[in-house]
């Protein structure tokens with residue numbers, strides 16, 4: 001079994017490539033990730049993705065982050081593997097690589113959980129993520145995960161092993177994001193699963209680095225959670241999420257720099273909470289922190305709407321500081337025009353500058 005990459009190896013990998021920047025991607029005609037990966041409607045979804053990825057490349061994005069969906073692999077195995085390869089081919093055609101996310105802790109309590117069904121997907125209009133009952137609202141008690149079922153967990157292990165083995169030496173995949181937001185409303189319940197997935201990937205020894213996300217982080221002086229600390233210990237590079245203001249990002253970056261590894265902010269952009277393009281994109285450029293804002297073209301997934309937890313704050317009389325006149329996520333309107341042209345112009349300028357500096361041999365950092 002291979003071991004965690006040395007800091008020197010991580011920096012050599014990172015400095016050998018242009019500044020990584022892009023978005024968490026799902027085509028605008030998908031209302032969830034079942035919609036993204038299943039056979040039903042896939043040709044139309046992939047055609048939309050082709051158009052939208054071309055647009056992403058035109059503003060200088062060179063990477064996307066995509067979360068895989070175990071139920072589709074489980075129910076439509078052969079087709080899923082072929083569709084994943086086709087998706088990567090479309091990304092590659094536009095000069096875009098993919099960070100693939102293998103597991104996701106954003107879930108709901110068991111009483112609200114509904115098993116995935118293939119075919120037409122329902123959507124609740126006006127709700128972030130397209131569902132009234134979602135991980136984006138405050139729930140009492142801990143969330144449930146399909147990995148909590150031992151039989152499902154055993155099959156999930158097979159998916160991780162198969163997908164990583166298939167693309168372990170494929171340059172179209174840039175990073176293996178082992179677990180999205182481990183511990184989100186689950187405390188440490190997913191810790192053994194995350195550790196097991198890291199171990200499976202270390203056995204395979206891919207050319208890509210491994211990581212899992214720091215998402216609550218170390219804000220307000222509170223200690224980092226056990227599962228996030230373990231994610232840092234197991235990761236070759238640091239993946240973090242921060243949907244809060246400029247100062248909060250600066251302080252978290254300062255803390256994470258102590259680990260001495262390349263950093264990627266794999267989820268950001270929440271205009272409602274003053275997490276905006278004008279301040280944060282230049283910061284990520286200056287620090288050469290890879291960045292993936294949430295969402296690209298506004299669509300059925302409705303992530304331009306606020307998290308339901310923000311509406312809950314408003315309902316409780318605690319939302320006076322929230323600017324709900326703004327989109328939360330997403331950069332482009334359904335017309336493929338910018339939500340805010342100034343945002344996209346800034347992104348394009350800094351992307352061009354980063355590529356010019358990289359071509360001139362000026363873009364190195366750390367190590």
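Check 281, 301, 292 and return the single one that is in a helix (DSSP H, G or I), in contact (Cβ under 8 Å) with a residue 40 or more places away in the chain and surrounded by 21 or more Cβ atoms within 10 Å (Cβ to Cβ).
Working: 301 fails: in a helix (DSSP H, G or I); 292 fails: in a helix (DSSP H, G or I).
On inspection, the qualifying residue turns out to be 281.
Name the single residue, out of those in the range 31-51 being buried (at least 23 other Cβ atoms within 10 Å of the Cβ) and within 19 Å of the chain's Cα centre (by Cα), that is farthest from residue 116 (Cα to Cα).
Restricting to residues being buried (at least 23 other Cβ atoms within 10 Å of the Cβ) and within 19 Å of the chain's Cα centre (by Cα), the top hit is 49.
Mind listing whichever residues of the range 313-332 are surrounded by 15 or more Cβ atoms within 10 Å (Cβ to Cβ) and either in a helix (DSSP H, G or I) or touching a residue at least 24 places away in the same chain (Cβ under 8 Å) (or both)?
Across the range 313-332, the qualifying residues are 313, 322, 326, 327, 328, 329, 330, 331, 332.
Of the numbered conditions (1) over 22 Å from the mean Cα position of the chain (by Cα); (2) farther than 18 Å from residue 181 by Cα; (3) exposed (fewer than 14 other Cβ atoms within 10 Å of the Cβ), residue 132 satisfies every one except a single condition; which is it?
Single failed check for residue 132: (1).
Go through (1) closer than 22 Å to residue 146 by Cβ; (2) touching a helix residue (DSSP H, G or I) at 6+ places or on another chain (Cβ under 7 Å); (3) surrounded by fewer than 18 Cβ atoms within 10 Å (Cβ to Cβ) one by one and return the number of the condition residue 172 breaks.
The number of the failed condition is (1).
Do we have any residue at all in the range 104-125 that's under 21 Å from residue 28 (Cβ atoms), part of a loop (DSSP other than H, G, I, E, B), touching a strand residue (DSSP E or B) at 6+ places or on another chain (Cβ under 8 Å) and in contact (Cβ under 8 Å) with a residue 12 or more places away in the chain?
So far as the range 104-125 goes, yes, one or more of its residues are under 21 Å from residue 28 (Cβ atoms), part of a loop (DSSP other than H, G, I, E, B), touching a strand residue (DSSP E or B) at 6+ places or on another chain (Cβ under 8 Å) and in contact (Cβ under 8 Å) with a residue 12 or more places away in the chain.
Scan the range 10-58 for residues that are in a helix (DSSP H, G or I) and touching a residue at least 24 places away in the same chain (Cβ under 8 Å) and report the count.
22
What tally of residues in the range 91-127 results from selecting those that are more than 26 Å from residue 263 (Cβ to Cβ) and surrounded by fewer than 16 Cβ atoms within 10 Å (Cβ to Cβ)?
First pass over the range 91-127, keeping only residues more than 26 Å from residue 263 (Cβ to Cβ): 93, 107-127.
Filter once more, keeping what is surrounded by fewer than 16 Cβ atoms within 10 Å (Cβ to Cβ): 93, 109-111, 113-115, 117-120, 122, 124-126.
Matching residues across the range 91-127 total 15.
In the range 124-140, is there at least one residue being touching a helix residue (DSSP H, G or I) at 6+ places or on another chain (Cβ under 6 Å) and within 20 Å of residue 76 (Cα to Cα)?
For the range 124-140, residues touching a helix residue (DSSP H, G or I) at 6+ places or on another chain (Cβ under 6 Å) and within 20 Å of residue 76 (Cα to Cα): absent.
Just to be sure before I move on: is residue 156 at pLDDT 95 or above and farther than 25 Å from residue 294 by Cα in the structure I sent?
Details: at pLDDT 95 or above: yes; farther than 25 Å from residue 294 by Cα: yes.
Against the criterion (at pLDDT 95 or above and farther than 25 Å from residue 294 by Cα), residue 156 qualifies.
Considering only residues of the range 340-367 that are out of contact with any helix residue (DSSP H, G or I) (no Cβ under 9 Å at 6 or more places or on another chain) and part of a loop (DSSP other than H, G, I, E, B), which is modelled with the highest pLDDT?
360
Here are the criteria: (1) out of contact with any helix residue (DSSP H, G or I) (no Cβ under 8 Å at 6 or more places or on another chain); (2) within 24 Å of residue 197 (Cα to Cα). Tell me which single one residue 48 does not satisfy.
So the condition that residue 48 fails would be (2).
Considering (1) in a loop (DSSP other than H, G, I, E, B); (2) more than 28 Å from residue 307 (Cα to Cα); (3) touching a residue at least 40 places away in the same chain (Cβ under 8 Å), say which one residue 91 fails and leave the rest.
The one condition residue 91 does not meet is (1).
The values are calculated or read from the model by the stated rules, or taken from the named source; none is laboratory data. Nothing here was measured: the structure is a model prediction, and the numbers come from that model. Cβ coordinates were reconstructed from backbone atoms using ideal geometry, including for glycine residues, and neighbour counts include every protein chain displayed.
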